[in-house]
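Below: the structure, in structure tokens.
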Amino acid sequence: MPESNPSAWSATSLRRAISAAGVALWSWNVETDAFAMDERGFQLWAVHQSDDVKFEDLSARIHPADRDRVRAAFTATRAIVGAYEIDFRIIIGDEIRWISARGIGDDSGLHDRLAYGIFLDVTGRKQAEEGHELLAGEMSHRVKNLLAIASGLTQISSRSTTTAKEMAIELTGRLAALGRAHDSASSRPSRPGGVTWRPPLDPTLPL
């Protein structure tokens with residue numbers, strides 16, 4: 001039976017929970033710049049396990065576009081009261097990983113000049129966020145194109161009709177023809193090399 005009182009949990013139980021969560025532990029000596037990590041931390045950073053690791057040694061693996069920001073952020077955490085979170089990229093060979101560093105700021109929280117925190121590999125989450133942003137951008141682009149085409153067809157129909165009813169009928173016909181042209185173009189077989197030919201659509205021409 002597991003202990004119901006968290007204060008009675010053993011060190012082994014805590015290590016199991018930390019390992020299951022994929023959390024890497026670290027400590028940073030703010031005076032000597034010495035950095036200590038557990039085994040998962042060294043694996044995450046792809047650094048050989050050593051007792052002589054400095055913050056600058058890890059900085060060399062941080063993405064150049066994030067490096068100055070991360071250095072400044074870690075320094076600034078000493079003045080932050082409460083929890084903080086810093087997300088950044090590291091480069092391991094040809095692989096880019098997203099790391100989230102979390103801890104408690106403010107010098108009053110230091111123990112023997114040591115700051116403590118955790119690292120989390122958040123690469124999957126960041127990739128999903130980037131995918132959502134790309135999808136949202138593509139959808140926005142397509143919607144704008146559709147609105148531009150609809151606006152062009154509306155202007156053409158307004159010039160070639162005299163009543164609202166005639167305009168509605170003609171505009172509906174043009175939009176329906178545009179839809180059929182799109183379906184036809186989408187169903188055409190691809191040329192060699194995977195390129196599908198589609199005729200250009202000019203909204204100024206009658207459909």
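The values are calculated or read from the model by the stated rules, or taken from the named source; none is laboratory data. Keep in mind that this is a model prediction, so the values were computed, not measured. We place every Cβ from the backbone using ideal geometry, glycine too, and count neighbours over all the protein chains shown.
Below is a table of values for the structure above.
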{"item": "The stretch 148-205, residues that are modelled with pLDDT under 75, loosely packed, with under 11 Cβ neighbours inside 10 Å and in a loop (DSSP other than H, G, I, E, B)", "result": "S187, P189, S190, P192, G193, G194, W197, P199, P200, D202, T204, L205"}
{"item": "From the options A72, A36, A65, A76, residue that is under 16 Å from R113 (Cα atoms) and in a helix (DSSP H, G or I)", "result": "A76"}
{"item": "Flag for R159 being in contact with a Lys or Arg (Cβ under 8 Å, 6 or more places away or on another chain) and either assigned by TED's automatic domain parsing to the domain that holds A176 or touching a residue at least 40 places away in the same chain (Cβ under 8 Å) (or both)", "result": "no"}
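Residues checked against (1) of a type in the set (D, E, K, R); (2) over 25 Å from the mean Cα position of the chain (by Cα):
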| position | (1), (2) |
| --- | --- |
| A20 | no, no |
| V30 | no, yes |
| A46 | no, no |
| R67 | yes, no |
